[in-house]
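Some notes on the structure that comes next.
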Amino acid sequence: MAEIDYSTMVLLTYTPGADVERLGYDQWLRDIDNPFFNTIPGIAHYSNWKVLDGSGGLPFTHFDLLGLDGPRAVEQVWFDKNLDRFREGWVAKWGYGGSAPRATANGYGLLATRQGAVARTFSRYASLAFEQETVCGERWIVEAALHKHWALGPVPAGDAWRLPATTSVFGTSLGLAFSDSRPEASLCGSVKGEESSGATLTGASLTGECIAAPDMPWR
């Protein structure tokens, strides 16, 4: 596949409601969700993923890579009125599983900036690491945790929607690598760490498979 180059990204992690795969969630992402997101001004490339390996130690089962047209697009996209209506419909249709919206993984997005040049070709499988010393593929610095108003409700008057990166359990850096074939283990190392009160996911990693993206030649 062609190289996809964006230097500003929001990592969206979440667990949808129960039994979504049987109800056709993957196909709905391909047919409706992903095409719609990729029409929104300010979005450079949006893709949907499911966790294959590592979910037992991670507080989410799905994630999205929301590539943006630079840092100036963050607020524009985050509060886009058309997206807000669409996301409200997503919550009504698919909901949240696990510990519901107020779980850290459901309630915040991670705004990150790529450190260095693009080093990836977008592929079917991705490995993602949180706060690891060994870099796999690209290194991304987490700039902020963004309050998901569609999950948590509006930010109270006077409070910030853009919070310190340490608000989440995911740490302040990410490693991201892609692979055409499913790796036997995460390209970013083995998974360790679990969500608990006050815990972080430092050192945790995963392998995910792309569910939906603008160009999926493997399907």
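The values are calculated or read from the model by the stated rules, or taken from the named source; none is laboratory data. Here the structure is a predicted model, which is why all the values come from computation and not from measurement. Note that we place each Cβ from the backbone using ideal geometry, even for glycine, and neighbour counts take in every protein chain shown.
Whether any residue in region 80-90 is modelled with pLDDT of 95 or more, outside any helix (DSSP H, G or I) and either crowded, with 18+ Cβ neighbours inside 10 Å or more than 17 Å from the chain's Cα centre (by Cα) (or both) is what I want to check. Yes - at least one qualifying residue is present in region 80-90.
Filtering region 140-183 to residues that are in a loop (DSSP other than H, G, I, E, B) and in contact with a Gly (Cβ under 8 Å, 6 or more places away or on another chain) leaves only Lys148. All of Glu184, Glu138 fail the test of being of a type in the set (Asp, Glu) and surrounded by 13 or more Cβ atoms within 10 Å (Cβ to Cβ), apart from Glu138. Of all the residues in region 9-58, those that are aromatic (Phe, Trp, Tyr) and in a strand (DSSP E or B) number 3. Inspection of region 13-35 finds no residue satisfying the criterion of being touching a Leu at 6+ places or on another chain (Cβ under 7 Å) and in contact (Cβ under 8 Å) with a residue 40 or more places away in the chain.
For region 14-30, filtering for residues that are of a type in the set (Ser, Thr, Tyr) and modelled with pLDDT under 95 leaves 2. Within region 116-138, the set of residues being within 18 Å of His45 (Cα to Cα) and of a type outside the set (Gly, Ala, Ser) comprises Val118, Arg120, Thr121, Phe122, Arg124, Tyr125, Leu128, Glu138.
In the set (1) modelled with pLDDT of 95 or more; (2) crowded, with 19+ Cβ neighbours inside 10 Å, the condition left unmet by Leu58 is number (1). Does region 186-197 contain any residue that is among the small types (Gly, Ala, Ser), at pLDDT 80 or above and either part of a loop (DSSP other than H, G, I, E, B) or closer than 28 Å to Asp69 by Cβ (or both)? No: region 186-197 contains no residue that is among the small types (Gly, Ala, Ser), at pLDDT 80 or above and either part of a loop (DSSP other than H, G, I, E, B) or closer than 28 Å to Asp69 by Cβ (or both).
Criterion applied to Pro71, Pro101 was being assigned to a loop (DSSP other than H, G, I, E, B), modelled with pLDDT of 90 or more and not charged (D, E, K, R), and the one residue passing it is Pro71. Gly171: touching a Leu at 6+ places or on another chain (Cβ under 7 Å) and without any contact (Cβ under 8 Å) to a residue 60 or more places away in the chain, yes or no? Here the answer is yes, as Gly171 does meet what is asked.
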